[in-house]
Amino acid sequence: MTSPKYPKVVGIENDPVPLPNLNILLLGYDLVQQIGGGGFARVFRAVNLEQHLVAACKFVPITPHTTDKERRTLEKEMRIHNTVKHVNCLAFIDACVVELKLSAKYIPGFYFLIELAAGGDLFDKIAPDVGVGDEVAHLYFNQLISGVDHIHKLGVVHRDLKPENILLDVTGTLKISDFGLAAVYMLKETGRIRQLTDRCGSLPYVAPELNGAEAYAAQPVDVWGVGVILYTLLAGNTPWDEPSIRSPEFVRYLDGEVFQEEPWSRFSPNALSLIQGLLTVEPKDRFTIDDAFRHPWCTRPSQLAKKSPATLAEALTESLRTAGDLDLAAPVLSPSNPPDDEDVEMLSAPHQTQFTQTLMLFSQTQSGVRYTPHLTRFYAGVPPESLLPAICEGLVSLGVQIKNAPPNGTTLRVRIGGQDARKEAFRGWVELDPFEYHGSHGTFCVMQRDNGNPISWRQLWRATIQTPFVEPLVLKKRAAST
């Protein structure tokens with residue numbers, strides 16, 4: 001597989017989101033670490049020390065320029081997410097709003113406390129252009145449509161179903177996240193249904209009817225989204241740039257030519273039938289969620305549902321092991337006497353399940369054990385100050401825009417951004433922590449995505465490692481434990 005090209009984007013904007021004081025107590029929780037963010041929000045890991053609970057906190061700032069419309073949108077997101085209570089939807093815990101008049105003591109903004117998806121991104125565990133096995137896709141697709149069915153029965157449509165909004169909890173259960181574009185399309189009390197007019201979503205995942213100016217039916221938009229996600233599970237990539245005649249791949253789909261090509265030609269007849277039903281262009285002819293539930297590909301018994309979480313983790317990451325990605329992301333290393341860090345151990349404890357341990361989401365650094373839900377990471381045999389210039393050269397050679405950032409303690413950082421092969425924007429961080437390796441100083445490097453397709457981010461991770469600037473420095477082989 002050739003490495004994708006990442007077109008250069010002119011400038012990486014200054015992050016408009018201020019950093020809340022990590023020492024504040026929010027609804028009984030301490031904000032302890034930023035774990036993500038994108039656009040106009042940040043996401044933090046939050047810990048309730050008294051009750052030994054861990055959550056995520058989504059923070060959206062309020063500024064003097066925040067409009068009434070923006071406030072209403074966030075308030076709507078809170079109301080909608082609070083009504084969604086399903087095992088396959090990220091749970092809403094609590095929320096609060098800090099107004100501008102309190103800015104002398106706090107950072108004003110909307111604070112959403114939500115369930116922490118400690119298993120990370122589902123699609124971070126999938127090898128690009130390979131996908132997962134049929135049984136793994138079957139398990140997670142059934143969980144996905146169960147969550148979507150619940151949302152629809154509440155009279156709500158998600159409208160932003162895409163790989164980066166599909167997460168995993170500590171047991172490997174799928175969780176639908178991010179209700180920022182959700183809308184109410186049906187009044188439960190009367191059953192009255194309205195059509196929608198807003199144009200929203202990301203081009204590779206939006207339904208084709210959003211290309212027009214007319215109002216559209218709500219549920220078929222989410223059905224199209226789950227169809228793209230099923231394809232992505234099985235193929236390891238999205239099917240097209242956008243569902244319009246501007247995309248050659250979509251035109252070949254309309255003409256039927258793609259069905260003789262990879263990866264379409266390797267799908268089983270039942271899987272292909274289901275994908276085609278979900279990705280029917282005419283909304284009134286498209287499958288419904290009930291049609292998907294009744295489809296033979298979905299109704300067969302799951303071979304993984306009753307297996308252990310460790311078995312599920314092994315099946316999920318099989319394509320990464322075959323590709324050699326896990327040998328890079330989680331080599332067995334032996335740092336020289338890493339110091340104990342009781343705080344890190346305590347805060348990581350709620351994540352240390354059979355599923356997350358099998359995924360090897362715990363990494364060794366000089367400051368102890370670090371919980372790292374991103375598998376886009378590697379170790380190098382040189383210290384951070386030597387590795388950072390090599391990574392920057394590698395990223396620039398790939399057409400990625402970089403921007404220096406101040407260190408966070410002993411962690412060196414650089415901000416990166418660009419566009420992937422599907423013309424989707426991505427942004428994130430490269431973070432480098434020191435560690436000791438057989439008496440020598442090395443680096444633990446994490447490429448942490450803020451927004452963008454997780455599969456494209458994995459392609460960028462692999463391409464960066466393969467550049468001549470970085471490749472000689474990477475610890476590739478598994479060292480024997482001592």
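FYI, it's all coordinate maths here, none of it is from the lab. The shown structure was predicted, so the numbers you read here are calculated from the model rather than taken from an experiment. Counting neighbours? That spans all protein chains shown, and the Cβs are built from the backbone with ideal geometry, glycine included.
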- Rounded to the nearest Å, what's the spacing between the alpha carbon centres of the stretch 260-317 and the stretch 404-454? Just the number, please. 34 Å
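Given Lys58/Lys423; Lys105/Lys188; Lys162/Lys284; Lys58/Lys188; Lys69/Lys153, which pairs have Cα atoms separated by over 30 Å? Working shown, then result.
On the way: Lys58/Lys423 26 Å; Lys105/Lys188 42 Å; Lys162/Lys284 22 Å; Lys58/Lys188 28 Å; Lys69/Lys153 27 Å.
Table pairs above 30 Å Cα-Cα are Lys105/Lys188.
For the chain, what does the helix formula give at 222 nm: sum of -39500 (n - 2.57) over DSSP H segments with n ≥ 4, over the residue count, nearest 500 deg cm²/dmol?
Values: 14 runs with 139 residues, N = 482.
That comes out to -8500 deg cm²/dmol.
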- Query: By how many nm would the segment from Arg79 to Arg246 lengthen if fully extended, with 0.36 nm per residue of separation less the alpha-carbon distance?
  - Reply: 56.4 nm
- Message: Place a point 7 Å from Cα of Lys188 in the direction of its Cβ. Which residues in the stretch 271-299 have their backbone N less than 16 Å from it?
- Response: none
- Task: Using only Cα atoms, locate the centre of the stretch 42-102 and the centre of the stretch 105-162, then give the distance between them in Å, rounded to an integer.
- Result: 17 Å
- Task: Provide the gained length on full extension for the span Lys284 to Glu135, in nm with one decimal, where the gain is 0.36 nm per separating residue minus the Cα-Cα distance.
- Result: 50.7 nm
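Full-extension gain between Leu100 and His441, please, as 0.36 nm times their residue separation minus the C-alpha to C-alpha distance.
Details: separation 341, 0.36 × 341 = 122.76 nm, distance 4.60 nm.
Value of the extension gain: 118.2 nm.
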- Message: Given a Förster distance of 51 Å, report the FRET efficiency between Thr322 and Asn408 from their Cβ-Cβ distance, rounded to the nearest 0.05.
- Response: 0.90
- Task: Using amide H atoms built 1.01 Å from N in the peptide plane, name the residues 5+ places from Gln33, or on other chains, whose amide H lies under 5 Å from its own.
- Result: Arg45
